[in-house]
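This report refers to the structure that appears directly beneath it.
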Amino acid sequence: MEDSSNITVLLNEWSEGNDRALDRLSPLVYAQLQKAARVAFRREAHNHTLQPTALVNEVFLKLVDNDIPWQSRAHFYALTARMMRRLLINHAHERNAAKRGGDQVRVEFDENRGAGGSQPLQADLLALDEALRALAAQDSRKAELVELQYFAGLTFGEMEAVTGLSSSTLDRELRFARAWMKNYLATQ
C-alpha cells in the first residue's frame with residue numbers, strides 16, 4: 001500500500017486548494033483504486049458493460065469536482081468505496097430499467113472471504129446494496145468495513161492501517177457482518 005503519511009499530507013494540501021497536491025496524490029492512490037475496481041468486477045457477471053477503468057475515472061471526476069474537506073486517509077478510502085458502490089448500484093438500476101428487471105447484475109458475496117472452503121453467496125448487486133444499507137442502519141462501522149473490503153478492495157492488512165482497528169477486532173467485526181449479510185440475503 002502507498003505511503004500513508006504522504007497521502008494524508010497530500011489530502012490536506014488538496015483540501016486547502018493546492019491543485020499540485022492532487023497531481024502528486026493521483027498516482028499514489030490510482031493503483032489502489034484500480035485494484036479495488038478489478039476486485040469488485042471479478043465478483044460480477046462477465047457481461048457487465050461498465051469497465052473498472054471507467055469506474056475509477058468516474059470516481060476521480062467526482063472527487064475533483066467536489067470540494068471535500070478530507071479528514072484522513074481512512075475518510076478518503078471510505079468515501080471512494082461508497083462512491084464506487086453508488087456508481088455500480090446506479091449502473092445496475094439503469095440496466096434493470098432498460099431490461100425491465102430481466103438482466104440484473106449478479107455478484108458474489110463471500111461471507112468467508114480469505115478463508116477457504118465455502119462457496120460465495122450469489123446475489124444481485126441491488127440486493128447486496130439493500131443488505132448493506134440494512135446493516136448500516138444497525139451498525140454503521142460494520143457496514144463501512146464491508147464497503148472498504150468489498151468495494152474499495154482493501155486487504156485485511158490495509159484495512160488495519162486505514163481504520164486503526166486491531167486485527168482481532170477487524171476479524172470479529174467482518175465475520176459478524178458477513179454472516180449477518182448472508183442471512184439477510186438468504187431470507188429476502
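The values are calculated or read from the model by the stated rules, or taken from the named source; none is laboratory data. Just so we're clear, the structure is a prediction, and the values are computed from it rather than from any experiment. Methodologically, a virtual Cβ is constructed for each residue, glycine included, from the backbone with ideal geometry; neighbour enumeration extends over all protein chains shown.
Return the total of residues in the range 110-148 being charged (D, E, K, R), modelled with pLDDT under 90 and under 12 Å from the mean Cα position of the chain (by Cα).
Result for the range 110-148: 2.
Any residue at all in the range 167-178 that is touching a residue at least 12 places away in the same chain (Cβ under 8 Å), over 21 Å from Val39 (Cβ atoms) and among the small types (Gly, Ala, Ser)?
No, that holds for no residue.
Looking at Phe151, is it closer than 17 Å to Arg73 by Cβ, in contact (Cβ under 8 Å) with a residue 40 or more places away in the chain and within 13 Å of the chain's Cα centre (by Cα)? Outline the logic, then answer.
Numbers: closer than 17 Å to Arg73 by Cβ: yes; in contact (Cβ under 8 Å) with a residue 40 or more places away in the chain: yes; within 13 Å of the chain's Cα centre (by Cα): yes.
So Phe151 passes the test.
Quick check on Gln71: is it touching a helix residue (DSSP H, G or I) at 6+ places or on another chain (Cβ under 6 Å) and either closer than 27 Å to Leu145 by Cβ or modelled with pLDDT under 85 (or both)? First the steps, then the outcome.
Working: touching a helix residue (DSSP H, G or I) at 6+ places or on another chain (Cβ under 6 Å): no; either closer than 27 Å to Leu145 by Cβ or modelled with pLDDT under 85 (or both): yes.
When the stated conditions are applied, Gln71 does not pass them.
Considering only residues that are among the small types (Gly, Ala, Ser) and modelled with pLDDT of 80 or more, look in the range 1-35 and name the one that is surrounded by the most Cβ atoms within 10 Å (Cβ to Cβ).
Here the answer is Ala21.
What helices (runs of 4 or more DSSP H) completely inside the range 128-188 contain at least 1 residues that are under 17 Å from Leu88 (Cα atoms), of a type in the set (A, V, I, L, M) and in contact with an Asp or Glu (Cβ under 9 Å, 6 or more places away or on another chain)?
On the way: elements: 140-150, 156-163, 167-187.
The qualifying helices (runs of 4 or more DSSP H) are 140-150.
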